[in-house]
Amino acid sequence: MKKFFPRSFPLRLLCCIILLMTFLLHPRANVLFSHNFPTVTPANPTPMYAMNANSCNFSATANQPANPLHKPASNVQNYFFPSVGSYACILSDDTYFYASADERRGLFLLPKTYYVRLLEYRADYCKVEYQTDGSTAKRLVGYARTADLTFVSYTPARPYLYYTFDLHYKIEDTAQTDSNFLTELTLTCVYYGDYMIGSERYCYVLRGDEFGYVPKPFDLQFEDNPEYADYLASLQPDPAPSDSASDTTPSNASPAQIAILVAICLLVPILAALVLKPPRRPPYELDD
């Protein structure tokens with residue numbers, strides 16, 4: 001060790017300062033000078049919960065979509081219980097809209113990612129409304145299973161799906177030769193939801209002032225409502241910066257590191273001057 005370490009005290013001190021600066025500038029040194037130690041984030045910060053319709057208790061299930069409002073997770077602070085006028089999101093493909101609180105009175109399947117508005121809360125079936133009265137659409141009041149509803153605390157900007165399509169009917173092989181005879185008919189329908197009859201899929205639609213079922217067009221498609229997915233994304237904590245980005249950023253240095261580096265920068269020129277200063281020459285000896 002003595003072979004590689006200088007004997008001069010200023011040189012030794014300078015070497016120690018260089019080693020100290022190397023340690024302080026190392027990225028992992030921030031952990032020693034900071035109290036903000038990294039925390040462990042679970043792989044699934046939003047557990048999947050759903051409301052038990054029979055007992056109104058909260059229970060975890062594996063086959064229900066994430067619903068942090070029914071039971072707060074680590075990133076949800078307050079409980080939320082639905083009130084009259086609140087909305088519930090449809091997160092499954094088999095949520096029926098019923099004419100009455102009876103599973104045999106299903107009218108149609110509610111469009112996924114859209115909402116119903118709560119009129120009366122019950123443990124088994126909630127009284128809800130879907131759609132609003134307008135020039136072409138009509139408000140429907142019915143029921144939905146409470147277990148299939150995901151209540152939210154916000155008011156969606158577009159709660160209901162409004163979708164229209166045209167049905168074209170053509171009469172072929174008619175014996176009439178009159179050109180004014182009605183052989184083609186086009187009907188505009190307002191789509192409410194699907195309905196299965198055996199293996200055939202139909203649509204529950206509004207045409208004029210009447211509701212009914214028509215065969216579902218093969219090209220009928222509509223876009224999902226992204227509001228609930230955006231809401232869940234807003235609940236997620238901000239991702240922690242990577243070690244390579246955070247450790248090399250000067251702003252992450254602690255005040256202790258900054259003070260030590262400033263002191264070292266002030267001492268280095270002084271030590272350099274002491275090291276480079278020429279040795280004092282002995283006084284000339286007087287000749288006897």
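The single residue among Leu235, Leu261, Leu206 that is over 18 Å from Thr95 (Cβ atoms), open to solvent by less than 50 Å² (accessible area, probe 1.4 Å), modelled with pLDDT of 90 or more and not charged (D, E, K, R) turns out to be Leu206.
One residue stands out among those in region 209-232 that are of a type in the set (A, V, I, L, M) and outside any loop (DSSP other than H, G, I, E, B): the one that is least open to solvent (accessible area, probe 1.4 Å), which is Val214.
Inspection of region 108-120 finds a residue satisfying the criterion of being hydrophobic (A, V, I, L, M, F, W, C), surrounded by 12 or more Cβ atoms within 10 Å (Cβ to Cβ) and over 30 Å from Leu235 (Cβ atoms).
In a residue-by-residue description of region 74-85, the property of being open to solvent by 30 Å² or more (accessible area, probe 1.4 Å), at pLDDT 95 or above, on the phi < 0 side of the Ramachandran plot and not acidic (Asp, Glu) applies to no position.
Among the residues of region 129-160, how many are of a type in the set (Phe, Trp, Tyr) and closer than 22 Å to Val205 by Cα? Count: 3.
The values are calculated or read from the model by the stated rules, or taken from the named source; none is laboratory data. As the structure is a computational prediction, the values presented were derived from the model and not from experiment. Note that each Cβ is placed from the backbone with ideal geometry, even for glycine, and that neighbours are counted across all protein chains shown. Note: areas computed on protein heavy atoms with side chains; ligands, DNA, RNA excluded. Shrake-Rupley method; radii C 1.70, N 1.55, O 1.52, S 1.80 Å.
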